[in-house]
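A.B. asks: Below: one structure in structure tokens.
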């Protein structure tokens, strides 16, 4: 039983870490604002959720689990809102998303 | 880097990282302060300043060599100074020799609250804390004097620019009670866990600042008017110093809480509760008032710019 829980929690943690790294790579490598925001918000939402889930499976006391669940709730509330606000502010400020294939040629290399 | 906006953001990140650093050094109270003040409210106030001034730095007359030299010399002097410092967690370090052992051993029986940081801050070093509160009060006064006490800077109730942000409005509305509740928890649980008046005041103010960012300055000022804020700024300092005077009148020294109740430990509890409450009130009022003045100024400037 304990092995199963451990394997499950490590799977969650590793998947979360992978998403975090891929989000960071995307933040640096993607060509324009909205794709970068997409990468960053993947880190915010799914990566954080997976890591917290992995930690919940690792934690022993009930109090710790309740606190982690609350953190998860706050994160699911706030980080998509922050991403939404950023995107809306950028649109408001006159930044238009570049559809696929119309980006500047330098970004294709 | 000449974009001041990015520099403000870097400062925020730096504060958040040092808050994590403080947590790993077991200084949770300091970490909480750093996260709330350094990463939270300072960033907001800096952005408010940028909205009032300019977003990019002015070009300077001299090259990068002179600042680089100053930084290198200062850094070298600081590193040289660290050679004299005791090792980390050295029990013979001066910080662990002077009054610290007494605080750690005696505060349980003298003050009777689990968080030694709060006992030191509010009771043993109450006079220093009073000084800090007065400094915050003076800073708030300075902003009020510079940016204008007069309430006539806006003529009409212009609708907030955030009116169409439905998602933000809904989320804010559901988050603000939680933030206020958390601030109250930090305020009144400061005797037992990390926290206290300073952190709670800043978090409390953050809820109001969030509200006024999303719903506009006018509706925020309808909830808590600038006159009330000015009153609260002074009231917090008065509560703090009044506790000291009460101790004086009941036969003790200034800020000696032993005489506030029938037995010393209970008196200490009452005194710390009152003093932390005073700190919280002043910090909240000053922070909200500073933000209101900043954003009121930039609103007025935008209106004159349009005309």
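The values are calculated or read from the model by the stated rules, or taken from the named source; none is laboratory data. None of these values were measured; they are calculated from a predicted model. Cβ sites come from the backbone with ideal geometry, for glycine too, and all protein chains shown count toward neighbours.
A.B. asks: Evaluate region B:267-284: report whether one residue or more is closer than 16 Å to residue B:44 by Cβ and buried (at least 24 other Cβ atoms within 10 Å of the Cβ).
C.D. replies: yes
A.B. asks: Would you mind finding the one in B:248, B:232, B:255 that is within 21 Å of residue B:125 (Cβ to Cβ) and part of a helix (DSSP H, G or I)?
C.D. replies: When all the criteria are applied, what remains is B:248.
A.B. asks: Of the numbered conditions (1) more than 14 Å from chain B (Cβ to nearest Cβ); (2) outside any loop (DSSP other than H, G, I, E, B); (3) more than 18 Å from the chain's Cα centre (by Cα), residue A:25 satisfies every one except a single condition; which is it?
C.D. replies: Against the list (1) more than 14 Å from chain B (Cβ to nearest Cβ); (2) outside any loop (DSSP other than H, G, I, E, B); (3) more than 18 Å from the chain's Cα centre (by Cα), residue A:25 comes up short only on (3).
A.B. asks: Could you tell me which of the residues B:47, B:66, B:10 is more than 16 Å from the chain's Cα centre (by Cα), under 28 Å from residue B:204 (Cα atoms) and at pLDDT below 90?
C.D. replies: Only one candidate qualifies: B:47.
A.B. asks: If you don't mind, another one. Which of the helices (runs of 4 or more DSSP H) contained wholly in region B:104-208 include at least 3 residues that are more than 14 Å from chain A (Cβ to nearest Cβ), in contact with a helix residue (DSSP H, G or I) (Cβ under 9 Å, 6 or more places away or on another chain) and at pLDDT 85 or above?
C.D. replies: Counting at least 3 such residues, we get B:126-147, B:166-188.
A.B. asks: I'd like to check something: does region B:66-88 contain any residue that is closer than 30 Å to residue B:192 by Cβ and surrounded by 10 or more Cβ atoms within 10 Å (Cβ to Cβ)?
C.D. replies: No, region B:66-88 has no match at all.
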